[in-house]
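Read-outs: derived from the displayed coordinates by stated rules, not from any lab. Keep in mind that this is a model prediction, so the values were computed, not measured. We place every Cβ from the backbone using ideal geometry, glycine too, and count neighbours over all the protein chains shown.
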Amino acid sequence: MFSEANGGGGRPLRASYNTVVALGCIALGVAVWLMIPYQVQEPPAIFGQNSSGISPTLFPRIAAIGFILIGALYFVASLRMNEPNPFRELPALAYGNLAVVLVAMVLYVALLRPLGYALSSALVASAISLYYGSRNVFGIAFVGVVAPLAIYYLFTRMLTVSLPPFPWN
């Protein structure tokens, strides 16, 4: 795209990695919007009346619209940005590290049901800490053991949110 599309003067409009991120944000918003009917159930009606005044689809729809609007604004702004692509300068090891974390997250999701939240969180957090070179036993123990147990206790006891239990429960 040339500067004529930009109002006649100034820099030419061009796509960058920011444009790709903006399009990804829009795509995520559209995907969330399309998944709402399949992922969010309406509460059961009691005597023909909804049990709550707010539809459970309200907040996912607000989030989806937010992703789409912010993505659209970011897309327009990204065409005028003149920034170098910092991803081109990354070494191949950085992409390998990203792949390891993505695999760890997939394994984490797979381990949630059989091992429970706290145990699977402890294993994955400790493994990632060790992979990235942490050798501080207290740091690994805090991040890998204390933090998941504290989060589990906070959510299940104080906030009454259901998390996958320990495997022996």
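Quick notes
- Shape class for the stretch 91-158: oblate, because the ratio a/c of the largest to smallest gyration tensor axis (alpha-carbon atoms, square roots of eigenvalues) is 1.5 or more and b/c is at least a/b.
- By the count of neighbouring beta-carbon atoms within 10 Å, fewest first, Ser126, Ser162, Ser134 end up ordered Ser162, Ser134, Ser126.
- The stretch 20-169: C-alpha pair distances exceeding 25 Å, %: 58
- The chain - mean residue ellipticity at 222 nm from DSSP helices (-39,500 (n - 2.57) per run, n ≥ 4, rounded to 500): -18500 deg cm²/dmol
- Cβ-based exposure ranking for Trp33, Trp168, in which fewest neighbours within 10 Å come first: Trp168, Trp33
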